Structures are given as C-alpha cells and as structure tokens.
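Enquirer: Have a look at this one before I ask anything.
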Amino acid sequence: MSNLLSEFRSLLPDSPLQVGEVLAISGGVATLELPDGATASARGTATVGQNVYFRDGAIEGVAPSLTTVVIEI
C-alpha cells in the first residue's frame, strides 16, 4: 500500500512562479509589486528596484528587466 498523504499531495497543483519588482526590504523580507499593481511579501536577498522571481513567499532568483504586458482573458 502506498502513502496516502503523498498521493493526495500529487493531486494538488504546484505553486505558480511569479515575478515582481522590489519596492522595499526590511528585516530580510522584501515588499514586491506585481505586474497588476498588487503587492506581495517574500523572504530573500534582493535590492530595491530589482525584478525577482518568487514562489511560496520566497525569492528564487533575479528576473530580467523586460517590458511586462498583462493580458486579461
């Protein structure tokens, strides 16, 4: 018999990888502005004005500074 918890977790979708611009940093937590204007917080190292990738409240890396186009469906 396999582990029921691992089977249940495999049914859940992965968290999305998002991009945001760092607005401020305080105590190792960055305040990020998303392309739609919303804000989010994430732990990690970054500099103000830098674009970063983040997922589940943690910064995963630096994102390129490209023009962002938001398309609503």
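The values are calculated or read from the model by the stated rules, or taken from the named source; none is laboratory data. The structure presented is a predicted model; accordingly, all values stated were derived computationally and were not measured. Cβ placement follows ideal geometry from the backbone for every residue including glycine, while neighbour counts extend to all protein chains displayed. All accessible areas refer to the heavy atoms of the entire protein, side chains included, with ligands and DNA or RNA removed. Shrake-Rupley method; radii C 1.70, N 1.55, O 1.52, S 1.80 Å.
Enquirer: I'm trying to understand the selection: among the residues of segment 16-46, which are of a type in the set (Val, Ile, Thr) and either modelled with pLDDT of 95 or more or under 12 Å from the mean Cα position of the chain (by Cα) (or both)?
Expert: Once the filter is applied, which keeps residues that are of a type in the set (Val, Ile, Thr) and either modelled with pLDDT of 95 or more or under 12 Å from the mean Cα position of the chain (by Cα) (or both), segment 16-46 yields 19, 22, 25, 29, 31, 39.
Enquirer: Please enumerate the residues belonging to segment 35-73 that are open to solvent by 100 Å² or more (accessible area, probe 1.4 Å) and among the polar types (S, T, N, Q).
Expert: Matches in segment 35-73: 45, 67.
Enquirer: With of a type in the set (Gly, Ala, Ser), assigned to a loop (DSSP other than H, G, I, E, B) and free of Cβ contacts under 8 Å to residues at least 24 places away in the same chain as the only criterion, which of 6, 15, 2 stands out?
Expert: Only one candidate passes the filter, namely 2.
Enquirer: Name every residue in segment 51-73 that is out of contact with any Ser or Thr (no Cβ under 8 Å at 6 or more places or on another chain), outside any strand (DSSP E or B) and not hydrophobic (A, V, I, L, M, F, W, C), in order of residue number. Explain how you work it out, then say what you get.
Expert: In the first step, residues of segment 51-73 are kept if they are out of contact with any Ser or Thr (no Cβ under 8 Å at 6 or more places or on another chain); the result is 52-54, 58, 60-73.
Restricting the remaining residues to those that are outside any strand (DSSP E or B) gives 63-73.
Hits for segment 51-73 are 64, 65, 67, 68, 72.
Enquirer: Another question, if that's okay. Would you please name the residue that is nearest to residue 14 (Cα to Cα), looking only at residues in segment 24-34 that are outside any loop (DSSP other than H, G, I, E, B) and either hydrophobic (A, V, I, L, M, F, W, C) or open to solvent by 80 Å² or more (accessible area, probe 1.4 Å) (or both)?
Expert: The qualifying residue nearest to residue 14 (Cα to Cα) is 32.
Enquirer: Mind listing whichever residues of segment 16-40 are farther than 13 Å from residue 63 by Cα and of a type in the set (Gly, Ala, Ser)?
Expert: 24, 26, 27, 28, 30, 37, 38, 40
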